[in-house]
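Peer 1: Input: one structure, supplied below.
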Amino acid sequence: MNVAREPAELAEAQRAIAVGTFDGVHRGHLRVIDAARSAGLRTGVVTFDPHPRVVLGGQVELLATLQRRLELFDETGVDDVLVIRFDERLAELLPAEFAERMLRGIGAETVAAGETFRFGRGREGDLALLERLGFDVRRVPLVENVSSSRIRQLVHAGETEAAAALLGRPPEVEGIVVRGDGRGRELGFPTANLDVPEGLLVPPDGVYAGWSHDRRAAVSIGTNPHFDGVERRVEAHLLDFDGDLYGERLIVELWSPIREQRRFDSLEELVAAIDDDVKRTRAARRPG
């Protein structure tokens, strides 16, 4: 898969492109990509970074980093991705100018997008305009109840299994493994402490069954109240793993909640609870 930051970086070709922000690359987004692919041309994706809503003054907790989005696009088998930097200058482009520079500029003949897609200055551009400009437009109806906003609501509520049904896979967190306090190893349950990128959505505090690094993982999110912690952390205990992950990027799937974070009456109770977390993680099923 070719990734470009400017239209000129892509080789000339007739393309069918899917266009949108595609945060999360959920089931609805996959339909848009499939609609582009059905045109029988070289298939591409046009996406934006950072999220347009952030640039326009809003706040968005992302379901996936740009790097993860690109990996998910690659899994769909698309040929090319154009990542357009969304800034105030781009936001002020007239819709027709955006279409000519960013779509026609990469050889797009077919454009697939969600039926509510808007673009250009003041969000004045729509799919009807693209049709008037001569593009073969594939309007993709919204999948009922499937949207990035709805998925964010579910993840915020800790409803990871319901979110997985809309995503088509479990929700994830990711980050670089950094050194923590080392308490997990002292207790017999070493953890990978993640430095999560700013702006990425993290579910509520608690312990979750999940998956990372090709094995099941018991994932703790929170401040570690038993040890009077104050820093919110994401820590993954990878089952049946003994190795050094420092400096590696880990993607952690969150399958299902196990329990809330709490203070225990003794260290022995804490160890017993973690042992139960591990047992429940072994028995968990991957949703989505």
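Peer 1: Consider only pairs whose beta carbons are under 7 Å apart and that are at least six residues apart or on different chains; among these, list those whose first residue lies in region 270-288 and is in contact (Cβ under 8 Å) with a residue 60 or more places away in the chain and more than 16 Å from E159 (Cα to Cα) and whose second residue is open to solvent by 20 Å² or more (accessible area, probe 1.4 Å) and part of a helix (DSSP H, G or I).
Peer 2: L270/H226; V271/L187; I274/L187
Peer 1: Is one or more of the residues making up region 212-228 without any contact (Cβ under 8 Å) to a residue 12 or more places away in the chain and assigned to a loop (DSSP other than H, G, I, E, B)?
Peer 2: yes
Peer 1: Could you tell me which residue of region 173-187 is nearest to G199 (Cα to Cα), considering only residues that are without any contact (Cβ under 8 Å) to a residue 60 or more places away in the chain and surrounded by 16 or more Cβ atoms within 10 Å (Cβ to Cβ)?
Peer 2: If we take residues in region 173-187 being without any contact (Cβ under 8 Å) to a residue 60 or more places away in the chain and surrounded by 16 or more Cβ atoms within 10 Å (Cβ to Cβ), then G180 is nearest to G199 (Cα to Cα).
Peer 1: Conditions: (1) of a type outside the set (A, V, I, L, M, F, W, C); (2) under 23 Å from the mean Cα position of the chain (by Cα); (3) crowded, with 17+ Cβ neighbours inside 10 Å. N224 meets all but one. Number of the miss?
Peer 2: (2)
Peer 1: I'd like the residue in region 127-140 that is of a type outside the set (V, I, T) and touching a residue at least 24 places away in the same chain (Cβ under 8 Å) and, out of all such residues, is most open to solvent (accessible area, probe 1.4 Å).
Peer 2: Of region 127-140, the ones of a type outside the set (V, I, T) are 127-136, 138-139.
Within this subset, residues satisfying the condition of being touching a residue at least 24 places away in the same chain (Cβ under 8 Å) are 129-130, 133, 135-136, 138-139.
Working: L129: 30, L130: 1, L133: 51, F135: 11, D136: 63, R138: 73, R139: 117 Å².
Filtering first and then ranking leaves R139.
Peer 1: Do you know which of the residues in region 141-157 that are open to solvent by less than 60 Å² (accessible area, probe 1.4 Å) and closer than 26 Å to V111 by Cα is modelled with the lowest pLDDT?
Peer 2: Checked region 141-157; the qualifying residue modelled with the lowest pLDDT is V143.
Peer 1: Then there is this: Identify all residues within region 195-208 that are within 19 Å of T281 (Cα to Cα) and either in contact with a Phe, Trp or Tyr (Cβ under 9 Å, 6 or more places away or on another chain) or open to solvent by less than 20 Å² (accessible area, probe 1.4 Å) (or both); write none if there are none.
Peer 2: P203, G206, V207, Y208, listed by residue number.
Peer 1: While we're here: Regarding V252, is this residue over 18 Å from L187 (Cβ atoms), in a strand (DSSP E or B) and at pLDDT 95 or above?
Peer 2: Working: over 18 Å from L187 (Cβ atoms): yes; in a strand (DSSP E or B): yes; at pLDDT 95 or above: yes.
Yes, satisfied.
Peer 1: Keeping to region 21-39, report how many residues are of a type outside the set (D, E), surrounded by fewer than 20 Cβ atoms within 10 Å (Cβ to Cβ), under 19 Å from L130 (Cβ atoms) and out of contact with any strand residue (DSSP E or B) (no Cβ under 6 Å at 6 or more places or on another chain).
Peer 2: 1
Peer 1: On the given criteria, is T160 among the polar types (S, T, N, Q), buried (at least 18 other Cβ atoms within 10 Å of the Cβ) and over 17 Å from G20 (Cα atoms)?
Peer 2: On the way: among the polar types (S, T, N, Q): yes; buried (at least 18 other Cβ atoms within 10 Å of the Cβ): yes; over 17 Å from G20 (Cα atoms): yes.
So T160 passes the test.
Peer 1: Scan region 173-211 for residues that are under 23 Å from P225 (Cβ atoms), touching a helix residue (DSSP H, G or I) at 6+ places or on another chain (Cβ under 9 Å), in a loop (DSSP other than H, G, I, E, B) and among the small types (G, A, S) and jot them down.
Peer 2: G188
Peer 1: Kindly indicate whether P170 is assigned to a loop (DSSP other than H, G, I, E, B) and open to solvent by 40 Å² or more (accessible area, probe 1.4 Å).
Peer 2: Answer is no for this residue.
The values are calculated or read from the model by the stated rules, or taken from the named source; none is laboratory data. Keep in mind that this is a model prediction, so the values were computed, not measured. Glycine gets a Cβ as well: all are built from the backbone with ideal geometry, and neighbour counts include every protein chain shown. Just the protein is used for accessible areas: all its heavy atoms, side chains included, with ligands, DNA and RNA removed. Shrake-Rupley method; radii C 1.70, N 1.55, O 1.52, S 1.80 Å.
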